[in-house]
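A quick write-up on the structure given underneath.
Each value in this text was obtained by applying a stated rule to the coordinates, not by laboratory testing. If you're wondering where the values come from, they're calculated on a predicted model, not measured in any experiment. Cβ placement follows ideal geometry from the backbone for every residue including glycine, while neighbour counts extend to all protein chains displayed.
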Amino acid sequence: MPTDASVSFDLPEKGKTGFVALLGRPNTGKSTLLNTLLGCHLAAVSNKPQTTRKRLLGIYNDADSQILFLDAPGVHGSKIAIDEAMSQSVERVLEDADLVACLVDPTREPGEEDGMVAVLAGRCGKPVLLLFNKMDLATPEQLKLSLLFYRQSLPTAECLFLTATEAESVGKLLQRLKELLPEGVFLFDRENITDVYERDVACELIREVLLEELQQEIPHSIAVVIQSWKVSDHRIRIDAVLNLEREAHKGIIIGQEGRMIKKIKRLATKKIAEFCDQKIDLSLFLKIVPNWRKQKQFLKEIHLLE
């Protein structure tokens, strides 16, 4: 039997740590900020609202901290089942958070959704940072208007000003978070950048391409599901199903002589390959699921609704 002196244990790493919720109306730059913080393309980004449909954890690691960022869907009114699912995700993110980073886009006049964000942040009972994004674009008048609006619900919240695409600007946010977060045990290995599988990230990257390439409402009416994920010979073979609400959308997605579906496949393959750092064989299949955004059972099956 070994003596006590010969037995060693790996103690868990400690440092500044905690969960930080990224909260805001659609298109304030939450996912862009997360990608800049992590230094990789994890979250889907587009200039269309409701790009983020469910909670995404991004894990930031450095020498003395592990900050766990929770990217929530943009806050908006609930009309159909998928809106309810996204509202559930926002509520869970706020429950899990130690601190709320409330992103504001001062280049857009404050409206009803901003009011919802401010109320949620104010009543969650967590410390709140007001992050005014897009400072490279906002005018002093726009900034003043947004600040006055949010101060009505969050009169004592600390304000920071940044541009989510700039690493130096985001670095100042990281430094402040380290000052605010407590000491604690790290929950994840330092090698991890998220708690979701590569196939889930691939799903979001395919959606990002759809949002970039398709117009108006069409990409929002598509649910991407990875049907098969097989790794062999240093290559990942992926079968993804694009669930469409309308038969009429099929022709638009395929495009003349198949040009659009080929472009979507090519761009999505490139994004997934860059993230996974492996060669990708991607196949896309189209399936009609009428009014899937209103079907709670379907949303549960694709893990958008609990």
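Going highest first, how would you order 137-147, 93-103 by mean Cβ packing within 10 Å?
By packing density, highest mean first, the sequence is 93-103, 137-147.
How do Cys124, Cys40 line up, fewest other C-beta atoms within 10 Å first?
Lowest to highest Cβ neighbour count: Cys40, Cys124.
How far, in nm, would the chain grow between Phe285 and Glu212 when pulled straight, counting 0.36 nm per residue and subtracting the alpha carbon separation?
Gain in length upon complete extension: 24.4 nm.
Can you give me the convex hull volume of the Cα atoms of the stretch 14-185, divided per residue and expressed in Å³?
105
Just how many % of Cα pairs in the stretch 234-306 lie over 20 Å apart, if you round to the nearest whole percent?
Tail fraction, whole percent: 44.
Can you give the local net charge around Leu33? Use residues other than it whose beta-carbon is closer than 12 angstrom to its beta-carbon, Lys and Arg +1, Asp and Glu -1.
-1
Provide, as a two-decimal number, the C-alpha radius of gyration of the stretch 118-211 over 2.2 N^0.38 Å, N being how many residues it has.
Normalised Cα radius of gyration, the stretch 118-211: 1.39.
When the gyration tensor of the stretch 188-300 is built from Cα positions, what are the square roots of 5 times its three eigenvalues, in whole Å, from largest to smallest?
25, 18, 12
State the label only: which of (i) 172; (ii) 129; (iii) 163 corresponds to volume of the Cα convex hull per residue in Å³ computed from the shown model?
(i)
With the chain treated as a Gaussian network of Cα nodes joined by springs under 10 Å, which of Lys294, Lys230, Lys250 yields the largest mean-square fluctuation?
Answer for the Gaussian network model of the chain: Lys230.
Under the rule of -39500 (n - 2.57) per DSSP H run of 4 or more residues, summed and divided by the residues of the chain, what mean residue ellipticity at 222 nm is obtained, to the nearest 500 deg cm²/dmol?
-11000 deg cm²/dmol
Given 0.36 nm per residue, what is the gain on full extension from Lys250 to Glu168 after removing their alpha carbon distance, in nm?
Roughly 25.2 nm would be gained on extension.
Over the chain, with a Gaussian network built from C-alpha contacts below 10 Å, which listed residue (Gly58, Gly74, Gly184) shows the highest mean-square fluctuation?
Maximum among the listed residues: Gly184.
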